[in-house]
Structures are given as structure tokens and as C-alpha cells.
1. Among PRO313, PRO195, PRO273, whose mean-square fluctuation peaks in a Gaussian network model of the chain (Cα, cutoff 10 Å)?
2. Of the candidates ASP168, ASP45, ASP238, which one comes out as most mobile in a Gaussian network treatment of the chain with C-alpha springs shorter than 10 Å?
3. So what is the calculated 222 nm ellipticity per residue for the chain, using -39500 (n - 2.57) for each DSSP H run with n of 4 or more, over all residues, to the nearest 500 deg cm²/dmol?
4. I need to check one value: relative contact order of the chain, counting alpha carbon pairs closer than 8 Å and at least 6 residues apart, in percent.
5. Quick one: net charge around HIS297, please, counting Lys, Arg +1 and Asp, Glu -1 for every other residue with C-beta under 14 Å from its C-beta.
6. Let me know the shape class of the stretch 168-324, please: from the alpha-carbon gyration tensor, a ≥ b ≥ c as square roots of the eigenvalues, rounded when a/c is under 1.5, otherwise prolate if a/b is greater than b/c, or oblate.
7. Find out how many positive minus negative residues lie around PHE233, taking Lys and Arg as positive, Asp and Glu as negative, among other residues whose Cβ is under 10 Å from that of PHE233.
8. Check each of the GluC sites (Glu not before Pro) in the stretch 125-223 and keep only those in coil by DSSP with at most 13 other C-beta atoms within 10 angstrom; list them in order.
Amino acid sequence: MQGYRGPRWLPGGHAQTIWPALFSPRPALAYRRERWDTPDGDFIDVDFLDPPRHDAPWLVLFHGLEGSSASHYATAFGALARERGWGYAVPHFRGCSGSDNRAPRAYHSGDFEEIGWILERLRERTAAPLHAVGVSLGGNALLRWTQEAGDTAAAIVANVAAVSSPVDLAAAGHAIGQGFNRLSYQRMFLRSMKPKALAKVARYPGLAEAGRIAAARSLREFDDAYTAPVHGFAGVADYWARCSAAPHLARCRVPALVLNARNDPFVPAASLPSTGGAEVAEVGRFVTLWQPPHGGHVGFPAGAPPGHLQAMPAAVTDWLARHR
């Protein structure tokens, strides 16, 4: 993946982001869904593709902002897991499975306690290796769990990978509010997130200020009005600072792959961990950085039109299989 180059027919970070999300073929996957009750009286939904053998490895995927098991990257990883005879699980963050969750809280970019609870429950169900992948928001949260778990992470997962993750949340939050990003990606996310937040506030008066949520025109404003106060942060600056994975990468104690395209439209290349001579000191010996020049945000398309999305999942899964 370090040598990945986007196809000539699909140049640029925006095209390599948008085309795969809208037009790449998606394999049909027959998921089996389980609903798990959470310790705080809520629930999450987990979609499974069961492996053909009880001792087969498992791939666990944590989706991105407002994603699900039907997201283009989730079906690409699922098809690859099925092809390789691995089990596959996609836990949905609260409110992302098509059902409103019960509790006041939702999910956020540093939701490492939820990640840990999910992985520990999966660990109890199998002795086979667990390989965890997080995409975008899910990748940052997965890295934060790895960092907080420290030496105990190795008893739960063999390794982790973060794909197109905004490991510097302030830099990504600023970038997504600028220019074309503001008119496309940011507007798309807010169109989904604001109605959910307003419905939650209607159910739980006093949870947050509905007027500020309705008036939010950027992810920064939304996070300041809703995500931060609902999840115990003093404000958006506190939330983004405490939940960014980049400053804590040296705390990882299991093999961790961090993959970011340098033309990602809303994860600025300048905000990524260094791949220079100070790399080991900055990220620690357990972390591998892949930063190809092309790929967009969770795109990495390959082949002739309409393209396919197997290049990235195959490279990530190969890395996970080698690094235990």
C-alpha cells in the first residue's frame, strides 16, 4: 500500500473518495445480526459473517462517522474475510444500525471504553486471533483504546489497523469546514447527525441546547453544541484534544498499522505522524505508518472503471496476518 497509486482514470483526492463510495460494485453479504445489551442499559447491534471453521481468525471492523455494515469499505472488507475463510464482525456505534439507541449518549471519536467492551466480549467467544480494523472515526477510537489498554491489549487482539483516520481531530475538523469539503462532506454528515441529535434532545430535555444544534453549520459547531457536552467534555477544543490518537501513538503495545493517503481531502498530510528520522520516537516501535500519495479518504480504488475496492482491504489484511 505504500506504493499505491490511484488509477489514471480517477485522479485526485476528491475523485478517489467520492467515486468508490458511490459507484464501486458492492458484494452481497448475508449478515447475521445480534443485539447486545450494554452495561448502561442501552444496546448495540453487531453484524456477523460466521467463519467455516471454529478456529478461523476473526476480522473486526469499526466503521466511520455515520457508517454501518453496509458502507462501501465494510462490504469490501467483509467480502475479503469471507474469501479467506475468516470470521467477520461489524459492531455498530450507537444509533448507526438503523435503530435509535435508548440511552442519552451516542458515540464519538475517542469512544475507547465502548471499543474495549466490544472487543472483550468478542474475545470471550473465541480463542482464535482477533484482528481489529477501524475506519476513519472508528480507527481513531480503536487507536485510543489500544493506547489506553497498554500491555493488556495483547491479551485481547493480535493487532490493529486504522484506515484514513483523523488522528489529529482539530486539523481534520478545520479541514472539513473549508471550501469544497464544507459544501460536500460536511453537509452530508450534518444532514444525518443533526436530526438524530435533535430527536435525542427531545427525548432527554436538558441534554444539550436544541437551538445550538439546529443552528450548527459546521462539524466544529455541532461537536461543541452536542458531541462534547453529551459525552462529558468541556467543549469542542477539549473533546478534540483529549480524543486525538496522534499524541499517544508511542503508547501502543500491539502491532498497529496507521494508513493515511496524503491526498485525503479532510485529513491534512501536514497533520499526520512523521515518517522521517524521528518516526520511532514519535510513534513507538509497535506502529507502522503507511502514507501513500494517493487514495483519498477510504477510497484506494484500483482497476478499470468502475473500479474495485479490494486493493486496500487486501493490503491491510495481509499486514494483519503477518504481524502478530
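The values are calculated or read from the model by the stated rules, or taken from the named source; none is laboratory data. What you see is a predicted model; the values in this text were computed from it and never measured. Cβ atoms come from the backbone with ideal geometry, glycine included; neighbour counts cover every protein chain shown. Accessible surface areas use protein heavy atoms only, side chains included; no ligands, DNA or RNA. Shrake-Rupley method; radii C 1.70, N 1.55, O 1.52, S 1.80 Å.
1. Looking only at PRO313, PRO195, PRO273, the largest GNM fluctuation is found for PRO195.
2. ASP238
3. Theoretical 222 nm ellipticity from helices: -10000 deg cm²/dmol.
4. 24 percent
5. Working: positive: ARG262; negative: GLU66, ASP264.
Spelling it out: positives minus negatives among the neighbours equals -1.
6. Note, shape of the stretch 168-324 comes out prolate.
7. Numbers: positive: ARG242; negative: ASP223, ASP224, ASP238.
With Lys, Arg at +1 and Asp, Glu at -1, the neighbours total -2.
8. Counting only loop positions with at most 13 other Cβ atoms within 10 Å, the GluC sites (Glu not before Pro) in the stretch 125-223 are GLU209.
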